[in-house]
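Notes follow the structure.
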Amino acid sequence: MSNWFGRQRALMDFAVSSLARRKGKTLGLLAVYTVVVFVLASAMLFSHALRREAALVLAGTPEVLVQRLVAGRHDLIPASHLQAIRAIRGVKSAEGRLWGYLFDPAAAANYTLMVPADDAPAPGQAVIGSGVAQVREAAIGDIMSFRAHDGQLVSFTIAGIVDPQSALVAADLFLVSETDYRRLFGIAADRFTDIVVTVRNPREVRTVAEKIDAALPDTRIILRDEIKRTYESVFDWREGMVLLLLAGAVLAFFIFAWEKASGLSAEEKREIGILKAVGWETGDVIALKSLEGVLVSLTAFLLGYLAAWLHVFQWGAPLFEPVLKGWSVLYPDFRLAPHVDELQVATLFFFTVFPYTLANVVPIWRAATIDPDQVMR
Amino acid sequence: MLFQPAIIALVLASALSALMLVGCLPFAISVLRRWDLSSGAESQVRLEKRTYLVATLVKVVLAAEAAALVLFVFNADRMASLFTGAMCAVGTLKVDPYGFPALYLKLAVFFLAAFWLVLNHVDNRGWDYPLIRVKYAALIALAPLLLAAGVVQLAYFLGLRADVITSCCSTLFSGGGVTVTSNSVAALPHAWALGLLGASVAGVLASGGAYLLWGRGGVLHALLSLAVLAIGLAAIISTISVYVYELPHHHCPFCILKREYDHLGYALYIPLFLGTALGVGTGIAAAARRHASLQQVGPAIARRLALGSMLCFAAFGGVCAALVWRSHLILFEGAPWH
Amino acid sequence: MIGLSQVKKAYNQGRANEFWALRGVDLHLERGRVTVFRGPSGSGKTTLLTMVGCLARPSSGRVSLEGRDISALPERFLTEIRRSTFGFVFQSFNLLKGITALENVMVPAYPLGGDHGALKRRALELLDRLHMADKAHSNAEWLSGGEAQRVAIARALVNDPRIVIADEPTANLDSERSAQFLDIVAQLKAEGRTVLMTSHDPLVAEAPVVDRVVSLRDGLIAGGG
């Protein structure tokens, strides 16, 4: 056993020294490899962080959401539905919500207008998201005016700016009072945007939803679990798309790796010939060259992953922002919560190290089977 | 099909692995037909050189399959949230009929590749390569299995459709929900499971010890290793997992791999699988001694493999005992360990 | 200790440029003696040394080493025999560039494992014996021809071989260095090692330390066999 370790140590030492002897080639390969890992890892870390962010948001959303459909389109829901829902056994509470979108011509941006369930601003006041504050250069005490549905001006005094826990969704928020909301859009007092329902026993969510569906046939019921599932697959799909787009780059890299591995310089061939002539076996040379590959792979993987981690979590992923997020004009300025996922690391490993290893096997073998008597010819 | 990074990686890995082994087939056939060590012809020397390539490729395949196995299970677990009614990997694997077959085939490929490498290692130590034809015949047999594993896995992934809500219709009734029923293995009584487990681990340690002492019973050790694998997996599902989760009716063999349970599953599966690979390897190496050139070498390798497999099985038994010991769950009233 | 019977060796077999370097050599070489193979270039003397030294297998015929037939052994086992039995000193020395003389001496022992410290001491001892201790940490490409050869000899001896093979050892040396080389050969012989050399050089063939000269021509033994 100690012999085995001695052999591995000696081979490892020699592998390090041979890599060091070919500095240019080693550093070039390492740089390209690191960049490939960096790009792939950035894409994966970024979309994964977005997914977590979304999950965080969803955790705060209602378990059951009831919307009214008219001719297949989302419509305002009458307050009478509230009573009908509250009467269903198992329902803990049902509340009407008021929300919508407001286009601000001054900023050419859409805001998410909401009436918060508790701590709603007083009439004439508004609380805004950080993104809104930024585009309008608004501070507390400023006044913002909008045209209501009948053309009259409605003015708001900024009473506060939302401290964003998750800036991704809070950036474009515009919180107002119920009175102002109804005045802006001309919505009658007995109408709501939708109804949120809480259920006493989480296991009964599905049953309760079925009962609501039966009692109020003009409604659509959305469960949080369903949204979560959709988000998951949408994010997976996005991540997969990005990987596929990057596949071209990855492929080019493996061709490059193959080239590098098979295009042995005369000097390297001479070295292998000498090693074989002085008593190294084909297996020993394969072990040596594989160790070199492992060293390069691990270094590039660690460097690339670390760089990607810094890129995404420290510097806010400037390279991917426009592609993977942004359903709003207001790009939220936010920092994603750092998180490393084993599955993701394993996947990334498969996308980089495994094909690199494969690209190397045949060239290594070819180099290692140089005839030992070649140096004598 | 779900368009997901881990799935793409798995499909890619098995496609490349299959491609590599299938690429070796023409060579394997020419070894069977033309191998003649007594010849000094250049064609024979070329054949010999190729054997190094094949051995290296199989090593890469083995490493990839081992990693893919972990990725496959991990990914199945992670996808559970995509399917109505699936709570963990078991649910995901039951989403379509190919899930569990894909897992079993992957396990089979892993073990057979490991056995092949033992065979290769032993054969390489005999100066006349006495097992070369057996080895390459085995490789030809391994290739279709690898292909099948890849195809079944692909069928499994193609069959996956997430229950996605859309905005045009009510989504309430999406999917009927997958039932995760406990199967017959989970129903194995706890006392039986623990008893069989103890007996089989003791048996495999005894047979390994006997081989170390008297150089006999290598094949028996191999058979017992396979028995420990089967019994060990059954015991993990029926009893050990229950002790870990401390829930009498949770029988999942995968959840123990998760972070919530401190990745304990690895401490069970790695020694169990490694022990089985080494244990069966013992049998292969021990049986090889009937070839003149392996008379000394075969048993020497077998001894080392036997020792390795005994250490692994002892570790497996130890971890099982420790999990039962530290659990707060009491399955047996008045059991001596409580 | 080494026997060859009807050894033939072809290169590029089955192709248009097929070439038979050896065409049936019978030879017996004894333990502890110094033998020189001479002949014009292309006579097959170097090919003969590669057969004897387990660097290559004969296309046909038998090679036996200490009574064991090694002609049908695969490369893996030839290498095992080679690294425990033979030490090679090549014509152009073939040192690895970019690493020190000391490391060059140690390289053949790396795949064997074993204690690194002991290996290093053994290598330094060998360099010291060949008066190269002060150059141990110089890079190989900075050494002169004579120095490089002595490093190559140290490398050949690091695994303590019973047989030392030298291919045209004096081709790149002046007369004084050649004489020094022959002194080293005498030492090796005194230690009980068998030495096999190829050489054009009359200085080598006529040296008193040489026990036997074998002449080759056109892949056949022409004299001294």
Taking the Cα centre of chain B as the origin and placing charges on Cβ (Lys, Arg +1; Asp, Glu -1), which of B:V70, B:S39, B:Y104 is farthest toward the positive end of the dipole?
B:S39
Give me the one-decimal nm value for the distance between modelled label points at B:A15 and A:L295, 7 Å along each residue's Cα-to-Cβ direction.
3.4 nm
Identify all lysines with a Cα-Cα distance to A:K92 below 23 Å; exclude those on the same chain that are fewer than 8 residues away in sequence.
A:K211, A:K228
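Would you please give the FRET efficiency between B:A292 and C:H137, computed as 1/(1 + (r/R0)^6) with r the Cβ-Cβ distance and R0 = 45 Å, to the nearest 0.05? Could the numbers behind the result be given before it?
Values: r = 49 Å, r/R0 = 1.08.
Efficiency, rounded to the nearest 0.05: 0.40.
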Of all DSSP beta bridges in the protein assembly as shown, antiparallel share, percent nearest 5:
70 percent
Using only Cα atoms, tell me the angle between helix B:264-287 and the longest principal axis of chain B; keep it within 0 to 90° and round to the nearest 10.
30 degrees
Additional length obtainable on full extension of the chain from C:W20 to C:D174, 0.36 nm per residue less Cα span:
52.1 nm
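Sort largest first and round to whole Å: the equivalent ellipsoid semi-axes of region C:1-95, each the square root of five times a Cα gyration tensor eigenvalue.
Details: eigenvalues 81, 55, 45 Å².
Semi-axes, largest first: 20, 17, 15 Å.
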Semi-axes of the equivalent ellipsoid for chain C, please: Cα gyration tensor eigenvalues, times 5, square-rooted, ordered largest first, whole Å.
29, 20, 17
So what's the back-of-envelope 222 nm ellipticity for chain A, counting only DSSP H runs of four-plus at -39500 (n - 2.57) apiece and dividing by all residues, rounded to 500?
-18000 deg cm²/dmol
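Grab region B:1-167 and count how many Lys pairs have their alpha-carbon atoms under 22 Å apart, sequence gap of 8 or more, or different chains. Can you show the working numbers first?
Working: B:K49/B:K59; B:K49/B:K135; B:K59/B:K106; B:K59/B:K135; B:K94/B:K106; B:K106/B:K135.
Pairs that pass both the separation and distance tests number 6.
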Extreme residue, positive dipole direction of the protein assembly as shown, given options C:G53, B:V219, A:Y111 (C-beta unit charges):
C:G53
Given only helices, namely DSSP H runs of n ≥ 4 each adding -39500 (n - 2.57), what is the per-residue ellipticity at 222 nm of chain C, to the nearest 500 deg cm²/dmol?
-9500 deg cm²/dmol
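Listing A:D150, C:D160, C:D201 from the residue with the fewest other Cβ atoms within 10 Å to the one with the most, what is the order? Each step should come with its number before you reach the end.
On the way: A:D150 8, C:D160 13, C:D201 19.
Least crowded to most crowded, the residues run A:D150, C:D160, C:D201.
Ranking C:Y110, A:Y231 by Cβ neighbours within 10 Å, fewest first, what do you get?
On the way: C:Y110 25, A:Y231 19.
Ranking C:Y110, A:Y231 by Cβ neighbours within 10 Å, fewest first, gives A:Y231, C:Y110.
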How big, on average over all directions, is the shadow cast by the Cα convex hull of region B:1-167, in nm²?
10.4 nm²
Can you give the convex hull volume of the alpha carbon atoms of region A:64-224 per residue, in Å³?
129 Å³
Please list the helices of chain A that count as membrane-span-like by this rule: a mean Kyte-Doolittle hydropathy of at least 0.0 together with Cα atoms stretching 27 Å or more along the helix axis, each helix being a complete DSSP H run.
A:23-59, A:224-262, A:282-309, A:342-368
Can you tell me the length gained on complete extension of the stretch B:S38 to B:E246, counting 0.36 nm per residue apart and subtracting the Cα distance?
68.5 nm
Please determine, in degrees from 0 to 90 and to the nearest 10, the orientation of helix B:297-326 with respect to the longest principal axis defined by the Cα atoms of chain B, where the helix direction is its Cα long axis.
10 degrees
Separation between Cα centres of region A:31-79 and region A:229-263, rounded to whole Å
22 Å
Region B:224-257 to region A:288-320: how many Å between their Cα centroids?
37 Å
Take the alpha carbon gyration tensor of chain B, find the square roots of its eigenvalues, order them as a ≥ b ≥ c, and report rounded if a/c is under 1.5; if not, report prolate when a/b exceeds b/c, else oblate.
oblate
What is the order of A:R68, A:R191, fewest Cβ neighbours within 10 Å to most?
A:R191, A:R68
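Give me the extension gain from A:D13 to A:F103: residue separation times 0.36 nm, minus the current Cα-Cα distance, reported in nm with one decimal.
25.8 nm
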Please state the charge dipole magnitude for region B:1-145, taken about the Cα centre, from unit charges on C-beta atoms (+1 on K and R, -1 on D and E), reported in debye and rounded to the nearest 20.
140 debye
Principal axis box of the protein assembly as shown, alpha-carbon based, largest edge first, Å:
122, 68, 53
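Under a point-charge model restricted to the Cβ atoms of Lys and Arg (+1) and Asp and Glu (-1), what is the dipole moment magnitude of the protein assembly as shown relative to its Cα centre, in debye to the nearest 20? Don't jump to the answer; show the numbers that get you there.
On the way: 86 positive and 77 negative charges, 554 e Å.
I would put it at about 2660 debye.
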How tilted is helix C:175-190 with respect to the longest principal axis of chain C? Cα atoms for both, answer in degrees (0 to 90, nearest 10).
80 degrees
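Taking a ≥ b ≥ c as the square roots of the Cα gyration tensor eigenvalues, with a/c under 1.5 meaning rounded and otherwise prolate when a/b beats b/c, else oblate, which class fits region A:47-117?
Details: a/c = 2.27, a/b = 1.32, b/c = 1.72.
It comes out oblate by the Cα gyration axes.
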Highest-fluctuation residue, B:T282, B:T51, B:T239 considered, GNM on chain B with Cα pairs under 10 Å
B:T51
Among C:L157, A:A266, B:L57 the positive-end extreme of the charge dipole of the protein assembly as shown (Cβ point charges)
C:L157
Measuring from its Cα centre, chain A shows a charge dipole (+1 at each Lys and Arg Cβ, -1 at each Asp and Glu Cβ) which, in debye to the nearest 20, is 760 debye
Give the cross-link partners of A:K289 among the aspartates and glutamates, using a straight C-alpha distance below 13 Å as the criterion and excluding same-chain residues fewer than 8 apart.
A:D13, A:E268, A:E271, A:E281
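Every read-out reported here was derived from the displayed coordinates using simple, explicitly stated rules and does not represent laboratory data. Because the structure is a prediction, the values reported are computed rather than measured. Please note: Cβ atoms are built from the backbone with ideal geometry, for glycine as well, and neighbour counts cover all protein chains shown.
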